[in-house]
1. Under a GNM of the chain (C-alpha, springs under 10 Å), which listed residue has the highest mean-square fluctuation: M278, M399, M178?
2. Per 0.36 nm of contour for each residue apart, how much would the distance between A201 and F421 grow if the chain were fully extended, relative to their Cα-Cα spacing?
3. Between beta-carbons, use under 14 Å as the cut-off and find the net charge around F254, counting Lys and Arg +1, Asp and Glu -1.
4. For region 12-430, with only Lys/Arg (+1) and Asp/Glu (-1) charged at the beta-carbon, what is the dipole magnitude about the Cα centre, in debye rounded to 20?
5. Calculate the length of the line joining the C-alpha centroid of region 395-414 to that of region 250-294, in whole Å.
6. Could you tell me the number of lysine pairs in the chain with C-alpha atoms less than 30 Å from each other, where the two lysines are 8 or more residues apart or belong to different chains?
7. Got the relative contact order for the chain handy, in percent, Cα pairs under 8 Å and 6 or more residues apart?
8. With everything on Cα atoms, drop me the angle between helix 247-282 and the longest principal axis of the chain, reported from 0 to 90° to the nearest 10.
Amino acid sequence: MGDPGVYAGVEHLAHPKLQQAAREAVAGKRRGLMALLPFLGPAFIACVAYIDPGNFATNVQSGASYGYALLWVILLANLMAMLIQATTAKLGIATGRNLAEVCRERFRPATCYVLWVTQEVTAMATDLAEFLGAAIGMNLLFHVPMLVAAMITGVAVFVILAMQGEGFRGLEIFIGAMVGIVAASYVVETILSKPDWSQVALHSFVPSLPGNDALLLAVGIVGATVMPHVIYLHSGLMQNRVVMPSDAEKRRIFHFEKIDTAIAMGIAGLVNMAMLFMAAKVFHFTGHAGVADITTAYQTLTPLLGGLAAAVFAISLFFSGVSSSYVGTMAGQVVMQGFVGFSIPIWVRRLLTMIPAVVVILLGLNPTMTLVVSQVILSFTLPIPVITLVMFSRNPAIMGKLVNGRLTTLALTACAVIILFLNVVLLYQTLGGPLPTL
């Protein structure tokens, strides 16, 4: 299995106390919240990627430009994310392997190398967004130069990586606390911005694309919400969490993990919607629809809602960036080791994945536009793990008694079709094809 110190989902999941508590829950000796507690954590680590700085960029720009109109995209993407993450967790529980490892078992080596390269590109695009976002948050809070902010962010992530040697359960709690900070920040932003709840409800369920440029943001939202790298990571986090041989026990474990996923992804979805409707109320409907980047959003929040709103915005951005950058590094290790069977020291991966963000800063590129483009790149690589997940999770030879039913397979297939369709339409638009407004 490689070096357990850097291989997500191995070392901590065999912790004796965690195993004992989980076994008691599966056996029915624990009830209610006490039964659920040993299983909470993996989905919260995965959900960090769903509220990363890429989400800040796409959601703020979408809300400022189009008001509440694209809320339905967030809701749709989040429902897709819940299904996809629950299924990849089930794969890890059923097989004891992560999605990348199953790919290596089922596909030819050449195919695996191609898939690995595409997912490494995904990891780079992901880490670019996360690292830039944390650096922007640091820059806004303390007014340090972006390059210095990037270095501080790198040190912060290295500190978190060092904590991994102290046991992964503590890291799950630590990452969960960071998710809590981001969520609490948007509770504050919601209270301060006072959105129009009737419009929030309407546009959450009624689809609309009020202009061709809205499609780019819609695809960016999907790319920022349904994250390819954590599809691999979540299966890795579950593959050895609680080792139980019988199908009945595995079903029970999956029951708890569905709850973990629903809670974590539900929080992430609400945070994303809050990002958008805060931007809609504060910017779009106050004559500031031109707010198209995070720095301008921060600067505009101060006169409109006061310094507290601006500070909370920057704090949430920083914590989001640091935590999601750590999760992205974990996912990169899982992808490399799973597809091609080798790994590099985790600090080397961290250094390498910092390079694109540093280059963007040195070149003086627009950080927010870079974030949005990175999320569009993610949406183009997203179909690969989703399609392989559909293939494997419907195969009883792989999944055993936890094989997906027909309705689940149809729903997963629909997710893949929607993602592919959005990408084809975006490519058509990019090549100059006219699109009707919706």
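Derivation of every value follows stated rules applied to the coordinates shown; laboratory data play no part. Keep in mind the model is a prediction, meaning the values are calculated, not measured. We place every Cβ from the backbone using ideal geometry, glycine too, and count neighbours over all the protein chains shown.
1. Comparing M278, M399, M178 in a Gaussian network model of the chain, the most mobile one is M399.
2. 76.6 nm
3. Values: positive: K90, R241, K250, R251, R252, K258, K401; negative: D247, E249, E257, D260.
Computed value for this residue: +3.
4. Values: 23 positive and 17 negative charges, 280 e Å.
Dipole magnitude for region 12-430 comes out near 1340 debye.
5. 28 Å
6. The result is 16.
7. On the way: 734 pairs, mean separation 160.8, N = 438.
That works out to 37 percent.
8. Taking Cα atoms only, the helix is inclined about 0 degrees.
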